[in-house]
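Colleague: Have a look at the structure that comes next, please.
The values are calculated or read from the model by the stated rules, or taken from the named source; none is laboratory data. Keep in mind that this is a model prediction, so the values were computed, not measured. All Cβ positions, even for glycine, are placed from backbone atoms using ideal geometry, and neighbour counts span all protein chains on display. Just the protein is used for accessible areas: all its heavy atoms, side chains included, with ligands, DNA and RNA removed. Shrake-Rupley method; radii C 1.70, N 1.55, O 1.52, S 1.80 Å.
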Amino acid sequence: MGSSRSPLAEQVTGHGTGAGARPGRGAWRGQGPVVCAVAVGGGAGAAARYGASLLWPTPTGAFPWTTFMVNAVGCAVIGVFLVLITEVWAAHRLVRPFFGTGVLGGFTTFSTYAVDVQRLLDTGHPVPGLACLAATPVVAMAAVWAAVAATRRAIGAFGAFGARETGGAGAGAGGVTGAGGAGQATGAGGGAGGAGGGGAR
């Protein structure tokens, strides 16, 4: 007789009978740490953004500078972070979900940006509202691009400096070794000459 379990129950419990059965608990064990890392990082990032809004509150009808700067700074940090973990550093698999998706995803905000713009338009302040609407995505993209370019340039300069330092040290060591070798050869030649002269006498 066939199994009486429904396909939905098999998907939920992960105990299907066919070859395509879902892994269930195994999948959660694999993705659980990632979900937890994103949740913890997101809470930290959102708390940091809320703290910034308390430190620098925006007056009614004014341009929302706090939200604007939070998004700009967050996007710049995203640019630096992505270069480091993709081109420089082989990071642990939870670093990107925790810091990139979690912390920076919670710190930057699209929802508050949209609410700020809507509130400004609804309260009769179209100029700051439209300015924020247009400037935020432009500045955010520019911040990512500038941070990526600056980070790559800094890494390249640091690598070139390290190569020069290594090359200079190698050249110095080679010179010392060469001088030592020449001295040894000269000494050996002098000894041979002296021995030859003594033999001739």
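Colleague: Express in nm, to one decimal, how much length is gained between TYR50 and ALA146 on full extension, taking 0.36 nm for each residue of separation and deducting their alpha carbon distance. Can you show the working numbers first?
Modeller: Details: separation 96, 0.36 × 96 = 34.56 nm, distance 2.59 nm.
Gain on stretching TYR50 to ALA146: 32.0 nm.
Colleague: Then there's this: Which length gain, in nm to one decimal place, applies between VAL95 and ALA39 when the Cα-Cα distance is subtracted from 0.36 nm times their residue separation? Walk me through the numbers on the way to the answer.
Modeller: Details: separation 56, 0.36 × 56 = 20.16 nm, distance 1.27 nm.
Extra length from VAL95 to ALA39 when fully extended: 18.9 nm.
Colleague: Also, quick follow-up: With every protein chain in place, what's the accessible area of LEU54 (1.4 Å probe, Å², nearest 10)?
Modeller: LEU54 exposes around 110 Å² with every protein chain in place.
Colleague: So, R0 is 45 Å and r is the distance between the beta-carbons of VAL127 and ALA154; what FRET efficiency does that work out to, to 0.05?
Modeller: 0.75
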